[in-house]
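Undergrad: Questions regarding the structure given below will be posed in turn.
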Amino acid sequence: MRRRVTETSGFTLIEVLIVVALLGVLSTVAIPGFMTYQARTRRAEAFLNLQAVARSELSYYAVKGYFYGTGLSYPDPTPYGGLGVIKMTWDAASNSAFSELGWTPEGKVFYSYEANTPSVAGSGCTCNECFTTTAYGDVDANGRISAVMYSHPQDIGGVLLECPARTYPLWAPTRPGTTHSIYDEVAVNRSNDEF
């Protein structure tokens, strides 16, 4: 008597479970990396805009003999539910605050911007001729505000005096692993949030 062999096709339960487990492991590795990549991409906006504001400040000083401060940070994130991953419109108040510098961003922004100088009431500045521009945001949506800063100090006989950020009183960022302040370049102040 001859036996008939039947062929079956498909996957066994073990094979399906192995594939699901591999997908789970891959997603736990890939998703956080992708989220960090997205946050860093959004943060690039602050780097470009702060460099432009700093150039505007230095040009303004060359003409007027002092730096210009905005006082508050613009735009106001309150109508958007706070700082986060929703872009904010650069509104009339924002235009008014930065018009003296001749700077405006291109389109909507993730960050709220300020320029702090000794001329701003309650600035906390320890100098007469310095400025700090700051971008506040929560581009990684973790609920903690991060600050990207450009701090231009005043050198008085080898002693550097500076302005803090005004909305959240932060001093110039420091190089990772050191206490050396970062001046005249855009850097992330990692004392509040890090990604």
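The values are calculated or read from the model by the stated rules, or taken from the named source; none is laboratory data. The structure displayed is predicted, hence computed values, not measured ones. Methodologically, a virtual Cβ is constructed for each residue, glycine included, from the backbone with ideal geometry; neighbour enumeration extends over all protein chains shown.
Undergrad: Considering only region 140-195, state which residues are surrounded by fewer than 20 Cβ atoms within 10 Å (Cβ to Cβ), more than 16 Å from the chain's Cα centre (by Cα) and among the acidic types (Asp, Glu).
TA: If the condition is that a residue be surrounded by fewer than 20 Cβ atoms within 10 Å (Cβ to Cβ), more than 16 Å from the chain's Cα centre (by Cα) and among the acidic types (Asp, Glu), then 155, 184 are the ones that fit.
Undergrad: Of all the residues that make up region 44-67, how many are in contact (Cβ under 8 Å) with a residue 60 or more places away in the chain and not in a helix (DSSP H, G or I)?
TA: 2
Undergrad: Starting from region 159-180, keep only residues that are within 21 Å of residue 129 (Cα to Cα), then list their pairs with residues that are among the acidic types (Asp, Glu) and assigned to a loop (DSSP other than H, G, I, E, B) whose Cβ atoms are within a distance under 6 Å, requiring at least 6 positions of separation or different chains.
TA: That search, which allows pairs on different chains as well, returns 172/162.
Undergrad: Something else about it: Please specify each residue of region 96-130 satisfying the condition of being among the hydrophobic types (A, V, I, L, M, F, W, C) and in contact (Cβ under 8 Å) with a residue 40 or more places away in the chain.
TA: Correct list: 98, 101, 103, 109, 110, 115, 120, 121, 130.
Undergrad: Would region 174-184 turn up any residue that is at pLDDT 95 or above, of a type in the set (Phe, Trp, Tyr), part of a loop (DSSP other than H, G, I, E, B) and farther than 27 Å from residue 81 by Cα?
TA: Yes: region 174-184 contains one or more residues that are at pLDDT 95 or above, of a type in the set (Phe, Trp, Tyr), part of a loop (DSSP other than H, G, I, E, B) and farther than 27 Å from residue 81 by Cα.
Undergrad: Tally up the residues in region 29-59 that are β-branched (Val, Ile, Thr) and either crowded, with 16+ Cβ neighbours inside 10 Å or at pLDDT 85 or above (or both), please.
TA: Step one: of region 29-59, the residues β-branched (Val, Ile, Thr) are 29, 31, 36, 41, 53.
Remaining after also requiring either crowded, with 16+ Cβ neighbours inside 10 Å or at pLDDT 85 or above (or both): 53.
Of the residues in that region, 1 qualify.
Undergrad: Quick check on region 110-127. Is at least one of its residues modelled with pLDDT of 95 or more, out of contact with any His (no Cβ under 9 Å at 6 or more places or on another chain), surrounded by fewer than 20 Cβ atoms within 10 Å (Cβ to Cβ) and among the charged types (D, E, K, R)?
TA: There is no residue in region 110-127 that is modelled with pLDDT of 95 or more, out of contact with any His (no Cβ under 9 Å at 6 or more places or on another chain), surrounded by fewer than 20 Cβ atoms within 10 Å (Cβ to Cβ) and among the charged types (D, E, K, R).
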